[in-house]
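Bear in mind these aren't lab numbers, they're just calculated from the coordinates by the rules spelled out. The shown structure was predicted, so the numbers you read here are calculated from the model rather than taken from an experiment. Positions of Cβ are backbone-derived with ideal geometry, glycine not excepted, and every protein chain shown enters the neighbour counts.
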Amino acid sequence: MQRKHILWIITSAVVVVSLIVLSRQNERAPKQEDMKTIVALLPLTGPAASTGEGIKKGIELKAKEIRATGGKLQIEYLDSAANPKTAVSLFQKATDFSQADATIIAMSGVTNAIMPLLDGSRLVVATCVADSSLSKPEAGLYRVFLSADEMSWKAADTLLNEKAANAIVVTVNDDYGRSCEIAFRDRFAKEQGLNVQSETFEVTQKDYRDVWKKLLASKPDSIFVAGYGPGYFTVLNQLLETDFQGMLVTDWSLTDPGYLSATNGMRDGVRVVGVRPSRKFLTDYDAMYGADGSFVLSGYAYSAMDLVWKSLNTRDEPDAVKAFADLGSTSTAMGTLEFNRQGGVNANYDIFQIKDGALELNPEMEHK
């Protein structure tokens, strides 16, 4: 009888200890006073990894400045690999258990998947995507990047100003590419009654020669290419192999020096639609990374980080979502940003041109 009693006491003690351990494991780690945590959900691996890396560099540059002035900030990087299902799982875990004060995300598919999770969360989410439909200010989701529609209209206007009349638009086969194709076609064909052919490519496309042969048989005088990833290099490099001598305009991806160098010597005169970062940003970027900071995603990520930090540190407004909405016009590395009613920023676009393998701002088309 005594032995049974002792065994019962020992078993009870084990159970109690186990419950205490489990309880402590489920508790959040104590958070340092005034420390702000920002979760960055980015494609750090896979075909869109260069996109994620560009964004991360912009975030890190701003984070360095914040900490240098006494700001208490920690950033948790999560790799979405541009996969919406993976992103949703990571986002739910991060916002449940890491005490996230705000998040910065990227990629259209990822943002679209996360949008339904934001209602009632009161969490500031800044997304660096070009799809103008992917914002929801009432739920704290703001789009801090160029608009695919506006950028494509600018590309179409650039070709129209050069009297183009028979264009081809080639875009990546995803939401971003479809937005670019529709906007370009609307501007070039519907408004002007001119001819437009369109075709897509995959992010991992390895051969596009047969497609170019078919498209160029119509003797186009101009081409607009928009996309990212290894397929983007394939499309542009194999276009350079042809005898096409017409006008070529590309999207902002070629503002990335890495992308530009991967196009095997893009010919002079090619136009690139983008936004020029501030001189201070370019100087600070070079000082930190020893590289050219012209990639628009880095500049906008830096600006997104700046806006998020401001919203989290507004003493008169503890609700960060409302504080973000109240920021109004804000001077950033990418010019003065002001959010429209849909929660996206308005941009002043620049037209760059390639000269001797490098980007050169076309002064005749600056901020017009």
Original post:
Any idea what the relative contact order of the chain is, in percent, if you count C-alpha pairs under 8 Å spaced at least 6 apart?
Top reply: 16
Original post:
What number, in nm² with one decimal, is the all-direction average of the projected area of the convex hull of the alpha-carbon atoms of the range 48-132?
Top reply: 5.9
Original post:
Which percent of Cα pairs goes in each bin when the distances of the range 116-160 are cut into 5 angstrom slices starting at zero?
Top reply: 5, 22, 23, 17, 12, 8, 6, 4, 2, 0
Original post:
Toward the positive end of the charge dipole of the chain, about the Cα centre and with charges on Cβ (Lys, Arg +1; Asp, Glu -1), which of Asn313, Met288, Gly357 goes farthest?
Top reply: Asn313
Subject >> Cβ-based exposure ranking for Leu239, Leu42, Leu141, Leu282, in which fewest neighbours within 10 Å come first >> reply: Leu282, Leu239, Leu141, Leu42
Original post:
Here are some pairs, Lys85/Lys214; Lys136/Lys163; Lys72/Lys154; Lys85/Lys190; Lys36/Lys280; Lys93/Lys206; which of them have Cα atoms lying more than 32 Å apart in this structure?
Top reply: Lys85/Lys214; Lys136/Lys163; Lys72/Lys154; Lys85/Lys190; Lys93/Lys206
**OP:** For the range 280-339 and the range 75-103, compute the distance between their C-alpha centroids and round to whole Å.
**Re:** 21
Original post:
What does the charge count near Lys56 come to, summing +1 for each Lys or Arg and -1 for each Asp or Glu among other residues with Cβ under 14 Å from its Cβ?
Top reply: -2
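To the nearest 20 debye, what charge dipole does the chain have about its Cα centre, counting +1 at the Cβ of each Lys and Arg and -1 at the Cβ of each Asp and Glu? Mind showing how you got there, number by number?
Working: 39 positive and 46 negative charges, 244 e Å.
Computed charge dipole of the chain: roughly 1180 debye.
Can you sort Met288, Met266 so the residue with the fewest Cβ neighbours within 10 Å comes first?
On the way: Met288 14, Met266 23.
Fewest-to-most Cβ neighbours within 10 Å comes out as Met288, Met266.
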Original post:
Which listed residue (Ser253, Thr330, Ala304) has the Cα farthest towards the positive end of the charge dipole for the chain, taking +1 on Lys and Arg C-beta and -1 on Asp and Glu C-beta about the Cα centre?
Top reply: Ala304
Subject >> the range 306-356: chymotrypsin sites (Phe, Trp or Tyr not before Pro) in DSSP loop, at most 13 other beta carbons within 10 Å >> reply: none
**OP:** Run through all the Cα pairs of the range 215-368 and give the fraction in each 10 Å bin from 0, expressed as whole percent.
**Re:** 10, 34, 30, 17, 8, 2, 0
**OP:** Within the range 326-342, find all residues whose amide N lies under 18 Å from a label point positioned 7 Å from the Cα of Glu138 along Cα-to-beta-carbon.
**Re:** 326, 340-342
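Can you give me the orientation-averaged projected area of the convex hull built on the Cα atoms of the range 263-317, in nm²? Walk me through the intermediate numbers first.
Numbers: hull surface 22.7 nm².
Spelled out: convex hull of the Cα atoms, projected over all directions, averaged, 5.7 nm².
Quick test of the membrane-span-like rule: which DSSP H helices of the chain reach at least 30 Å along their long axis (C-alpha atoms) with mean Kyte hydropathy at least -0.5?
Details: long enough: 2-26 (36 Å, 0.86).
Going by DSSP H runs, the hits are 2-26.
Once the mean 1/r over all distinct Cα pairs of the range 290-333 is inverted, what Kirkwood radius in angstroms do you read off?
On the way: mean 1/r = 0.0872 Å⁻¹.
For the range 290-333, the Kirkwood estimate is 11.5 Å.
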**OP:** Treating each Cα of the chain as an identical point scatterer and ignoring solvent, apply the Debye formula and state log10 I(q)/I(0) at q = 0.08 Å⁻¹.
**Re:** -0.44
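What is the fewest-to-most order of Glu65, Glu60, Glu360 by other Cβ atoms lying within 10 Å of their Cβ? Please list the in-between numbers first.
On the way: Glu65 16, Glu60 19, Glu360 12.
So the residues, fewest neighbours to most, are Glu360, Glu65, Glu60.
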Subject >> Cα gyration tensor shape of the range 148-227, rounded if a/c is under 1.5, else prolate or oblate by comparing a/b with b/c >> reply: oblate
**OP:** Sticking to Cα atoms, compute the Rg of the range 234-297 to one decimal and its Dmax as the biggest Cα-Cα distance, whole number, in Å.
**Re:** 13.6, 41
**OP:** Would you work out the relative contact order for the range 239-368, in percent, from Cα pairs under 8 angstrom that are 6 or more residues apart?
**Re:** 27
Original post:
Tell me, what is the FRET efficiency for Glu360 and Thr69 to the nearest 0.05, using R0 = 41 angstrom and their Cβ-Cβ distance as r?
Top reply: 0.75
